[in-house]
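Notes follow the structure.
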Amino acid sequence: MGEKKDIFFQVVADRRSIRNYTKDKVSEEDLQLILESGRQAPSGENAQPWRFIVVKDEEGKNYLAKISKNASGRRFTGEFLSKQMQERFKTLQDEEKKLAAFKKLTSGDVSGFVGESDLILIVIGKKDVWDLPFDCSAAIENILLTVTSLDLGACWLVAPCIDIRDELKIKSYFDIPEEYKVVSIISVGQPARIPNARPRIPLQELVFKEKFGNRYYTE
Ligand SMILES: Cc1cc2nc3c(=O)[nH]c(=O)nc-3n(C[C@H](O)[C@H](O)[C@H](O)COP(=O)(O)O)c2cc1C
């Protein structure tokens, strides 16, 4: 029992959003395990509204990369114009580095990496299911953890699916019927670089005892 717990938490701790990939392929065996773990996820009323499209063709991947780049560029340009980005980077003193970061973000290049992964999973869900976003998120997290357990890497992206114009383009290109919503895309491949863990808010600030504000953990 102890061993299972240790292995599981190691996988949870090791998971990262991977944005750099080698050219290595994901085996069919691994892909099936990844998809199977999505299928096993819980869903409201066991509705299982998720469907997965496996995109391996260069043309399809490049199309999704283009949409992802444009979507990120649009979003970060909005952040820049509304001064949110300057606020986010206010502790960075080096003006040159700051400018380079603004340029990279507003160009959308930060999302171009999806085209370099071996495959992309498009996660779509039936629109008439009440708990659709929650259900699909549960399936996606299962997928991310399974990917990590297989020493592969993945990144969950919502940016390319938020704007209705992007969603319509994706639906048209991949023949997705009207009754489905494009929830997310997930790039999957062999990691070329595993980033450091991003900071997490400590439990002391996250958990309350009986009423909000009363810390459950004090140290
Ligand atoms: C709902 C959701 C949407 C996300 N959308 C994007 C995205 O559009 N592009 C991207 O590069 N990363 C995206 N991410 C990844 C997050 O940036 C990442 O999980 C977060 O910074 C923490 O880093 P970690 O996953 O390496 O722990 C998303 C993650 C979640 C859970």
Scanning for something at pLDDT 95 or above, surrounded by 18 or more Cβ atoms within 10 Å (Cβ to Cβ) and aliphatic (A, V, I, L, M), does segment 192-214 turn up at least one residue? no
Report whether or not K103 is surrounded by 15 or more Cβ atoms within 10 Å (Cβ to Cβ), part of a helix (DSSP H, G or I) and either more than 13 Å from the ligand (Cβ to nearest atom) or under 12 Å from the mean Cα position of the chain (by Cα) (or both). no
Checking the structure you have, find out if any residue of segment 189-197 is under 22 Å from D57 (Cβ atoms) and in contact with a helix residue (DSSP H, G or I) (Cβ under 9 Å, 6 or more places away or on another chain). yes
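Name the residue that is surrounded by the fewest Cβ atoms within 10 Å (Cβ to Cβ), counting only residues in segment 7-32 that are assigned to a loop (DSSP other than H, G, I, E, B) and of a type in the set (S, T, Y). Steps first, please.
Step one: list which residues in segment 7-32 are assigned to a loop (DSSP other than H, G, I, E, B), which gives 15-16, 18-20, 22-27.
Among the residues that remain, those that are also of a type in the set (S, T, Y) are: 22, 27.
Numbers: T22: 14, S27: 12.
Out of the qualifying residues, it is S27.
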The one condition in (1) polar (S, T, N, Q); (2) surrounded by fewer than 18 Cβ atoms within 10 Å (Cβ to Cβ); (3) closer than 25 Å to D30 by Cα that S184 fails to fulfil: (2)
Go through segment 116-135 and give me each residue that's within 12 Å of the ligand (Cβ to nearest atom) and under 12 Å from the mean Cα position of the chain (by Cα). V123
Only one residue in S68, S43 is surrounded by 13 or more Cβ atoms within 10 Å (Cβ to Cβ), more than 16 Å from the ligand (Cβ to nearest atom) and either on the phi < 0 side of the Ramachandran plot or acidic (D, E) (or both), so which one is that? S43
Subset of segment 129-173, residues in contact (Cβ under 8 Å) with a residue 12 or more places away in the chain and more than 23 Å from S37 (Cα to Cα), comes to A159, P160, I162, D163, D166, E167, K169, I170, Y173
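The values are calculated or read from the model by the stated rules, or taken from the named source; none is laboratory data. Not measured: the values here are computed from a predicted model. Positions of Cβ are generated from backbone atoms using ideal geometry, with glycine treated the same way; all protein chains shown enter the neighbour counts.
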